[in-house]
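The values are calculated or read from the model by the stated rules, or taken from the named source; none is laboratory data. Just so it is clear, the structure is predicted and the values come from calculations on it, not from any experiment. Using ideal geometry, Cβ is built from the backbone for each residue, glycine included, and neighbour counts are taken over all protein chains shown.
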Amino acid sequence: MLKSAFFIEEWTENHPRYSEFLSCLEQTAPDQREFVVGDYSRTHPCYLFVAWQVNAVVGFLRIAVQPIGPEANCPPLYLKGELLTEAKIHAFAVREESRNQGIGTALQRAAIQKARTLGCYQVSSYSLYEKAANHQVKLALGFAAQPEVHGDTIQGVYFVMPLRIPE
């Protein structure tokens with residue numbers, strides 16, 4: 001099967017094809033919906049990257065820019081008086097039939113670049129342990145990984161990529 005080119009664009013809720021993104025979200029990652037359309041998504045500035053091929057949405061990645069610390073019920077972190085922020089990946093998926101074409105990697109790279117542009121200190125993400133393809137993309141890009149267990153049984157991996165190197 002010949003694979004077609006794909007394109008990555010930053011979209012807002014006002015994009016004329018936004019409903020196509022929502023359809024892709026519902027079909028590929030309905031468990032991530034709450035991070036995109038609920039009250040949770042209105043807490044911090046969010047940015048959406050959409051991948052499309054042959055005029056169809058085939059993947060997406062959404063980040064929220066937030067202070068480092070409060071999400072973990074800790075005080076915000078500061079460095080030399082500057083509040084440190086992170087671009088937290090809250091939603092990420094690629095349609096199964098469009099995987100292994102570099103789309104997920106391109107979406108991650110777009111988010112990393114946006115985070116740098118916004119002055120974020122790091123990019124972070126959490127993924128369930130069984131999401132091995134997601135882990136491979138992040139590890140290949142240089143994210144650090146910290147396996148952890150939530151509650152007694154939910155195994156996952158917390159990923160972090162620093163964007164600034166101290167002088």
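Tabulated results
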quantity: Pro147 vs. criteria part of a loop (DSSP other than H, G, I, E, B), at pLDDT below 95 and not charged (D, E, K, R); calculated: no
quantity: Only one of Ile154, Ile165, Ile103 that is within 25 Å of Gly38 (Cβ to Cβ) and either over 12 Å from the mean Cα position of the chain (by Cα) or in contact (Cβ under 8 Å) with a residue 12 or more places away in the chain (or both); calculated: Ile154
quantity: Residues satisfying the stated conditions in region 67-96, i.e. acidic (Asp, Glu) and touching a residue at least 12 places away in the same chain (Cβ under 8 Å); calculated: Glu71, Glu86, Glu96
quantity: In region 127-167, the residues that are touching a Gly at 6+ places or on another chain (Cβ under 7 Å) and closer than 16 Å to Gly104 by Cβ; calculated: Ser127, Leu128, Val137, Met161
quantity: Residue within region 1-17 that is among the β-branched types (Val, Ile, Thr) and touching a Lys or Arg at 6+ places or on another chain (Cβ under 8 Å) present; calculated: no
quantity: Search result, residues across region 118-144 that are buried (at least 18 other Cβ atoms within 10 Å of the Cβ) and assigned to a loop (DSSP other than H, G, I, E, B); calculated: Cys120, Tyr121, Phe143
quantity: Selected residue (only one of Glu20, Glu13, Glu9 is out of contact with any strand residue (DSSP E or B) (no Cβ under 6 Å at 6 or more places or on another chain) and surrounded by 12 or more Cβ atoms within 10 Å (Cβ to Cβ)); calculated: Glu13
quantity: Lone qualifier among Ala115, Ala110 - being surrounded by 14 or more Cβ atoms within 10 Å (Cβ to Cβ) and within 26 Å of Val54 (Cβ to Cβ); calculated: Ala110
quantity: Residue within region 55-65 that is without any contact (Cβ under 8 Å) to a residue 24 or more places away in the chain and under 23 Å from Leu118 (Cβ atoms) present; calculated: no
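This table checks each residue for (1) part of a helix (DSSP H, G or I); (2) modelled with pLDDT under 95; (3) over 23 Å from Leu128 (Cα atoms).
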site: Glu13; (1), (2), (3): no, yes, yes
site: Ser19; (1), (2), (3): yes, no, yes
site: Val57; (1), (2), (3): no, no, yes
site: Ile63; (1), (2), (3): no, no, no
site: Cys74; (1), (2), (3): no, no, no
site: Ala87; (1), (2), (3): no, no, no
